[in-house]
Amino acid sequence: MRMDPFTAHVRDDSANERVHTMACSSVLMRVVASAYAVADNAGKLVRSIMTGGDLDVVEKSGADDLQTKADRVVQKSICTSLARKFPLLTIIGEEDLPSSDVEEELIESGQYADILKRVCPTKYSNIKEEELVVWVDPLDGTKEYTEGLLDHVTVLIGIAYEGKAIAGVINQPYYNYQAGNSAVLGRTLWGVLELGSFGFKLQRVPGGKHVITTTRSHSSKLVDACIDAMKPDKVVRVGGAGNKIIQLIEGQASAYVFASPGCKKWDTCAPEAILHAVGGKLTDIHGNALQYHKEVKHMNSAGVLATLRNHAYYLKLVPEAVKEALVP
């Protein structure tokens, strides 16, 4: 099977070229290149744990808020791998895990060569390592993972600067899993503001249809009232914020609507950066930009509204009663 050049995890076999490229790359591009390799490795860990058959599921705050062995192992792998290479980064992961030694086999030290070869956008070329905040969701769509809805699952690594999501990496561990035993599983998408997003084919919903994607397992009267007010032609209910943004950029939906405070910063940072890098927009339900400072509260308390285009159109359709119920 032919692999997209932006999807394949390519290592540069020339030591001299690799050193030269790294020396010429900005901090941001080096962090993104590492995040790509780390996310790609995380996807392999997710699949390996599922194949092993022991998900070791625990409830964090209820039956709809689960944690699996994959959540724990992948977060350790991502956070430790990035911290070793970039010790001055601020890294915030979803899972509250006790500090412990991380097995060496979980460490990924590689970098995606294609990213290192790209020129960093000028406005980000002088960023210092300590100025970046990395938001990690090791397994977005955990509930769906436990239920076998594998195409909903993603691994998210978002990178923020001055409170703004400027780069992101999304790995889909089970992309292509329904294509047969010979299919190559998994792909990794990435993007940087003012550079673009890669690893997929950008598409829009055909025929001007209004298709809304929203939560599968966290619906409420407020969420439904907001969607009903928009009079969509179709509603697609799927798991995972990363998966919903992929629905937007690949033409399966025209808006992602979640009028609820359930989403967190690690759910939205990477998807927002990838969406914004192709001209889309993600805000809260009032139209306010989300903030990703290291001190910011983790909850997106005023919900999420994301679109590839026509953001103002959907924003105007949000009922006032919904806005009043969701305080920024």
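The values are calculated or read from the model by the stated rules, or taken from the named source; none is laboratory data. As the structure is a prediction and not an experimental result, all values here were calculated from the model. For neighbour counting, all protein chains shown are included, and Cβ atoms are generated from backbone atoms with ideal geometry for every residue, glycine included. Side chains are part of the model used for accessible areas, which takes the heavy atoms of the whole protein and leaves out ligands, DNA and RNA. Shrake-Rupley method; radii C 1.70, N 1.55, O 1.52, S 1.80 Å.
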**Q.** Positions within the range 158-189 being part of a loop (DSSP other than H, G, I, E, B) and either in contact with a Cys (Cβ under 7 Å, 6 or more places away or on another chain) or among the β-branched types (Val, Ile, Thr) (or both), in sequence order
**A.** Val184
**Q.** Conditions (1) buried (at least 18 other Cβ atoms within 10 Å of the Cβ); (2) under 24 Å from Val296 (Cβ atoms); (3) modelled with pLDDT of 95 or more; number of the one not met by Asn126
**A.** (1)
Q) Considering only the range 28-64, how many residues are at pLDDT below 95, of a type in the set (Asp, Glu) and in a helix (DSSP H, G or I)? A) 0
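Of these, Leu149, Leu139, Leu156, which one is surrounded by fewer than 21 Cβ atoms within 10 Å (Cβ to Cβ) and of a type in the set (A, V, I, L, M, F, W, C)?
On the way: Leu139 fails: surrounded by fewer than 21 Cβ atoms within 10 Å (Cβ to Cβ); Leu156 fails: surrounded by fewer than 21 Cβ atoms within 10 Å (Cβ to Cβ).
Exactly one residue qualifies, and that residue is Leu149.
Would you pick out the residues in the range 64-90 that are of a type in the set (Gly, Ala, Ser) and crowded, with 20+ Cβ neighbours inside 10 Å? So that I can check it myself, show each step before the final result.
Taking the range 64-90 and keeping what is of a type in the set (Gly, Ala, Ser), we get 70, 77, 81, 83.
Across the range 64-90, the qualifying residues are Ala70, Ser77, Ser81.
Filter the range 194-204 down to residues that are buried (at least 20 other Cβ atoms within 10 Å of the Cβ) and assigned to a loop (DSSP other than H, G, I, E, B), then give me how many there are.
Restricting attention to the range 194-204, the residues satisfying the condition of being buried (at least 20 other Cβ atoms within 10 Å of the Cβ) are 195, 197-200.
Okay, now just the ones that are also assigned to a loop (DSSP other than H, G, I, E, B), so 195, 199-200.
Number satisfying all stated conditions: 3.
Going through the range 272-306 one residue at a time, which ones are among the hydroxyl-bearing types (Ser, Thr, Tyr) and open to solvent by less than 10 Å² (accessible area, probe 1.4 Å)? Write out each step before concluding.
If we filter the range 272-306 for residues that are among the hydroxyl-bearing types (Ser, Thr, Tyr), which is where we start, we get 283, 292, 301.
Within the range 272-306, Thr283, Tyr292 qualify.
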Q: List every residue pair whose Cβ atoms sit under 8 Å apart, with the two residues 6 or more apart in sequence or on different chains, where the first one lies in the range 85-98 and is within 16 Å of Leu139 (Cβ to Cβ) and the second, anywhere, is charged (D, E, K, R) and open to solvent by 50 Å² or more (accessible area, probe 1.4 Å).
A: Ile92/Lys294; Glu94/Lys264; Leu97/Lys76
Q: List the helices (runs of 4 or more DSSP H) that sit entirely inside the range 222-322 and contain at least 3 residues that are over 17 Å from Lys164 (Cβ atoms).
A: 241-249, 311-316
Q. Do we find that Asp4 is open to solvent by 50 Å² or more (accessible area, probe 1.4 Å), of a type in the set (D, E, K, R), at pLDDT 65 or above and farther than 12 Å from Gly110 by Cα in this structure?
A. no
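Quick check on the range 307-328: of everything there that is β-branched (Val, Ile, Thr) and more than 17 Å from Thr268 (Cβ to Cβ), which residue is surrounded by the fewest Cβ atoms within 10 Å (Cβ to Cβ)? Let's see the steps before the verdict.
Step one: filter the range 307-328 for residues β-branched (Val, Ile, Thr), giving 307, 318, 322, 327.
Now restrict to residues that are more than 17 Å from Thr268 (Cβ to Cβ): 318, 322, 327.
Numbers: Val318: 21, Val322: 21, Val327: 9.
Top of the filtered list is Val327.
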